[in-house]
1. Report whether or not A:T308 is in a helix (DSSP H, G or I) and among the hydroxyl-bearing types (S, T, Y).
2. Can you confirm whether A:G343 is within 14 Å of chain B (Cβ to nearest Cβ) and not hydrophobic (A, V, I, L, M, F, W, C)?
3. Please go through the range B:52-98 and pick out each residue that is of a type in the set (F, W, Y) and more than 18 Å from B:L169 (Cα to Cα).
4. In the range B:211-232, which residues are in a loop (DSSP other than H, G, I, E, B) and buried (at least 17 other Cβ atoms within 10 Å of the Cβ)?
5. In the range A:356-373, what residues are touching a helix residue (DSSP H, G or I) at 6+ places or on another chain (Cβ under 8 Å) and either among the hydroxyl-bearing types (S, T, Y) or not assigned by TED's automatic domain parsing to the domain that holds A:I341 (or both)?
6. Residues A:V305, A:V208, A:V228, A:V239: which one is modelled with pLDDT of 90 or more and touching a Phe, Trp or Tyr at 6+ places or on another chain (Cβ under 7 Å)?
7. Can you spot a residue in the range B:205-218 that is under 28 Å from B:E125 (Cα atoms) and more than 16 Å from ligand 1 (Cβ to nearest atom)?
8. If you go through the range A:334-357 one residue at a time, do you hit one that is crowded, with 24+ Cβ neighbours inside 10 Å and aromatic (F, W, Y)?
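The values are calculated or read from the model by the stated rules, or taken from the named source; none is laboratory data. On a predicted model such as this, the values are computed, not experimentally measured, just so you know. Because the Cβ atoms are built from the backbone with ideal geometry, glycine has one as well, and the counts that use them run over all protein chains shown.
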Amino acid sequence: MRRILATLKIAGRALRRNKLRTLLTTLGMIIGVGAVIAMVGIGNGAKSQIEAQIASMGQNVVLVFSGSFSRGGVRSGWGGAGTLTIDDSEGILREIPGVVAVSPEIRTRAQIAAGSQNWNTSIQGESPEYFDIRQWPIITGSSFTAQDVRSANKVAVIGKTIADQLFPGEDPIGQVVRVKNVPFIILGMLTPKGLSVQGQDQDDLIIVPYTSAMKRVQRVTTLGSIIVQAAKPTLLNPVQQQIIELLRQNHKITPGKDDDFTVRNQQEIAEMATAQSKTMTLLLAAIAMVSLVVGGIGIMNIMLVSVTERTREIGIRMAIGARGRDILLQFLIEAVTLSLIGGILGIGSGFGVSKLIAAKTSWPTLVPSEWVVYAFLVSASVGIFFGFYPARKASQLDPIDALRYE
Amino acid sequence: MNAVIQLQEVHKIYHTGSVDVHAVRGVSAEIQAGEFVAIMGASGSGKSTLMNIIGCLDRSTKGHYLLDGTDVSQLNRDALADIRNQKIGFIFQGFNLLSRTSALENVELPMLYSKDHLSGREQRERATNALGTVGLAERADHHPNQLSGGQQQRVAIARALVNQPALLLADEPTGNLDSQTSIEIMGVFQSLNEKGMTIVMVTHELDIARYTKRNLIMRDGRIVSDTPVAQRLNAETELRALRDAQQAVKLTV
Ligand SMILES: Nc1ncnc2c1ncn2[C@@H]1O[C@H](COP(=O)(O)OP(=O)(O)OP(=O)(O)O)[C@@H](O)[C@H]1O
Ligand SMILES: [Mg+2]
């Protein structure tokens, strides 16, 4: 034990003697461990963000898109005008048991303006149920009503970004915003959501009654998609099946022909999203692995240099009775100390990066404490693994040859 | 008396490239406990090679070397390391101190690898004592590059003594020192020898060899002469004589 302590002291002194070299050597480890920690933090943040996003789709939701995903992988414009109609939407609500709410949907991007301010944003036509289904409450003002939908009134609910861009420092409620030169009165503003996992500003949108969007903005008669809410999770599959049957009937699609629409339930969408984030995590893990290996090789390299530089010292130690094992331990401890310094700095910088990303994206990045322990253990293992060869080389030196080394 | 060192037909051949250098060619000798031996000879006669074998730093190519009755040529690396640590104090031709390490820590070094685990305080105490023996107690914190050659040599002696070995080996301990410092070092050796330590040293200075009790002379890897020292010099008296002489020419006060 004393021997190990003394060896630790020797290793510490050797490293302190060459502070710059120590730091440069550990750089690889810093990046590697930093990448791991940042990856875990961001991965966790992304996961919770995806979960939040899935949850924000609403509970027990089935989405119907116009166009077919399956037709050669091409789909004709998700959310744009397409094959779905208001009749389809009303039919789903009326005829399929277990459906509690629907929101016909039509989306586009357009230039909007208020006073002298211009902004390009996403325009969504929805029904008033949309805010309930999505569990996205209005923070100030109010929603539009079923009456607004019936009369295709020129009213709108906006996201926070629109308020910031068009009405800086003003209350947007009651103000007029021109969408493709059609004036809409702002009724309310949505609770801000921040960035999505894909890095999109989720508050950069304006929501109007779907009828208004169809007649006054897009001048089309079809819907892009329909959001359907089922009463219970167990109803998702039957509802999905019944929607398919109903729409095929409505669209007069003969058996054997492909659907001209696509139905996806929430579970499927969630699975797609997690698969995506898994790919991302794997990629980051690969980067982290590579940097750890590079860091380890850096340590090995510098330890080999150190062994050569200190051949005489090794010879002296052996001549006065150090066994091979003592020398091995000394250099191994030195390598592990190096990799641990890198590991600790890496943990720190990984935390820093994930905090920075948290601040930039408003994701709740979180590094679980066990990962700090893992990072520590991994650093130590890298040190042992890559330090072993140089240390063994040192321990196998012949005392006389080492003493004669110039 | 029991022989500490028994050399039986010891050979050492260096294989370098195409030529084999036969550095030691059949040395047989016995050195008893309590002896003080000087090995002399021309440069390249194999003195250092022989010393390294005696010091268990190197192995003989042929022949047997018995240290305290055990055949060292049969032992493995670890066992040899332990012998170097416990039984032998070795003083090298070029001091071989660890640079950027204080004198005290240099002296503590053998205890770091010793089997009897001493506490840090005990190590410090013993190292300080050893430095005291060679008259360097007040330089404990100095690094080798802050010490003169003679002082560095004394640190090396203190390091060789700190594990209280029975055998002290020194390869040209006075090689780089002026005559006064050389005599001082011989004084240290003589008093250690009086306390019972067996000492073998290499030198090629005839007058230094006269402080020992027995002289071996080597030539071409063989011992060609083995004689007891007839008129042994005493370091203390010589030192006093030297000081008087120096005072006469005002070298010292
Ligand atoms: N590592 C080595 N490889 C090859 N030859 C060596 C080696 N070490 C010593 N020799 C040779 O062995 C012979 C004896 O060398 P050694 O160092 O023992 O001489 P020495 O008596 O100590 O000389 P000096 O008084 O100059 O120190 C020399 O001829 C030398 O060239
Ligand atoms: Mg020599």
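1. Numbers: in a helix (DSSP H, G or I): yes; among the hydroxyl-bearing types (S, T, Y): yes.
Yes, satisfied.
2. Numbers: within 14 Å of chain B (Cβ to nearest Cβ): no; not hydrophobic (A, V, I, L, M, F, W, C): yes.
So A:G343 fails the test.
3. Listed by number, the list is empty, since nothing qualifies.
4. B:Y211, B:T212, B:G221
5. Let us first name the residues in the range A:356-373 that are touching a helix residue (DSSP H, G or I) at 6+ places or on another chain (Cβ under 8 Å), namely A:357-358, A:361, A:363-368, A:371-372.
Passing the criteria: A:T361, A:T365.
6. On the way: A:V305 fails: touching a Phe, Trp or Tyr at 6+ places or on another chain (Cβ under 7 Å); A:V228 fails: touching a Phe, Trp or Tyr at 6+ places or on another chain (Cβ under 7 Å); A:V239 fails: touching a Phe, Trp or Tyr at 6+ places or on another chain (Cβ under 7 Å).
None of the other options fit; the residue is A:V208.
7. Here is the first cut: in the range B:205-218, the ones under 28 Å from B:E125 (Cα atoms) are none.
Scanning the range B:205-218, I find no residue that is under 28 Å from B:E125 (Cα atoms) and more than 16 Å from ligand 1 (Cβ to nearest atom), so the answer is no.
8. no
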